[in-house]
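These notes concern the structure reproduced below.
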Amino acid sequence: MITLPALPYQYNALVPFIDEETMRIHHTKHHQAYIDKLNLVLEKYPLLQSDSVDSLLQKLETLPMEPKDKIQLNNNGGGHSNHTFFWSIMGTTKHVDPDLSKKISATFGSVDAFKKAFTEGALQHFGSGWMWLVENSNKELLLYSTPNQNSPHLSGHTPKITLDLWEHAYYLAYQNRKADYIKNWWNVVSVI
Ligand code: MN
């Protein structure tokens, strides 16, 4: 049984950029719901339970599962993996990865140019989904968004930075002001 991992900070830690109620509902209701549904599908496949969710997503296509269960694993395993990673790259204490910052500057010209490109991608994404900075198997950085709860692990990519673009991530405080949510969110990104 997978259980909800604790947030690495308090629910009010990201105030005023992300409000406490949003964080509490997002973690205890939305993230928990993905875990509950993930456990329901994994119950049927005891042999898969010893593998990590990220690893299962990496080899989703070849897993011996019923098609409808693969969709559940894609959606709810992705939901669990994406949220766990999202919580980890935010915080009030900087955990700057110097190698990542260096690589971002080499790829995009500067950290500011990267932020601009990431922000544009997030604004252009239509509907629910996630914006990503990932590393591919050639150790190159890529920017793209995914719909719904699709994970970069499905493509064998390693997440480096992500932003939740579902309305549940910002609607209580920002309503339709997605651009303000994205702009303010950069203040709580801890890894660059
Ligand atoms: Mn979310």
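The values are calculated or read from the model by the stated rules, or taken from the named source; none is laboratory data. Here the structure is a predicted model, which is why all the values come from computation and not from measurement. With ideal geometry, Cβ positions are generated from the backbone for all residues, glycine too; neighbour counts draw on all protein chains shown.
Checking the stated criteria, Thr107 turns out not to satisfy the condition of being among the polar types (S, T, N, Q) and within 12 Å of the chain's Cα centre (by Cα). Of all residues in segment 69-86, those that are of a type in the set (A, V, I, L, M) have Cβ atoms under 6 Å from Cβ atoms of residues that are more than 11 Å from the ligand (Cβ to nearest atom), 6 or more apart or on another chain, in Leu73/Val41.
Results for (1) within 16 Å of the ligand (Cβ to nearest atom); (2) in contact with a Pro (Cβ under 8 Å, 6 or more places away or on another chain); (3) free of Cβ contacts under 8 Å to residues at least 60 places away in the same chain, shown as yes or no for each residue.
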residue: His95; (1), (2), (3): no, no, no
residue: Lys102; (1), (2), (3): no, no, yes
residue: Phe108; (1), (2), (3): no, no, yes
residue: Glu120; (1), (2), (3): no, no, yes
residue: His168; (1), (2), (3): yes, no, no
residue: Ile182; (1), (2), (3): yes, no, no
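Just one of Lys160, Lys139, Lys183, Lys178 is charged (D, E, K, R) and either closer than 16 Å to Asn82 by Cβ or not assigned by TED's automatic domain parsing to the domain that holds Val111 (or both); which is it? Lay out the reasoning, then the answer.
Details: Lys139 fails: either closer than 16 Å to Asn82 by Cβ or not assigned by TED's automatic domain parsing to the domain that holds Val111 (or both); Lys183 fails: either closer than 16 Å to Asn82 by Cβ or not assigned by TED's automatic domain parsing to the domain that holds Val111 (or both); Lys178 fails: either closer than 16 Å to Asn82 by Cβ or not assigned by TED's automatic domain parsing to the domain that holds Val111 (or both).
From the options Lys160, Lys139, Lys183, Lys178, the qualifying one is Lys160.
Considering the conditions (1) under 13 Å from the mean Cα position of the chain (by Cα); (2) more than 13 Å from Phe85 (Cα to Cα); (3) within 16 Å of the ligand (Cβ to nearest atom), Met131 is excluded by exactly one of them, (2). Residues considered: Leu143, Leu133. Of these, the only one that is more than 24 Å from Ala13 (Cα to Cα) and in a strand (DSSP E or B) is Leu143. A single member of Lys70, Lys44 is outside the structural domain of Asn184 (by TED's automatic domain parsing), surrounded by 14 or more Cβ atoms within 10 Å (Cβ to Cβ), more than 18 Å from the chain's Cα centre (by Cα) and of a type in the set (D, E, K, R), and it is Lys70.
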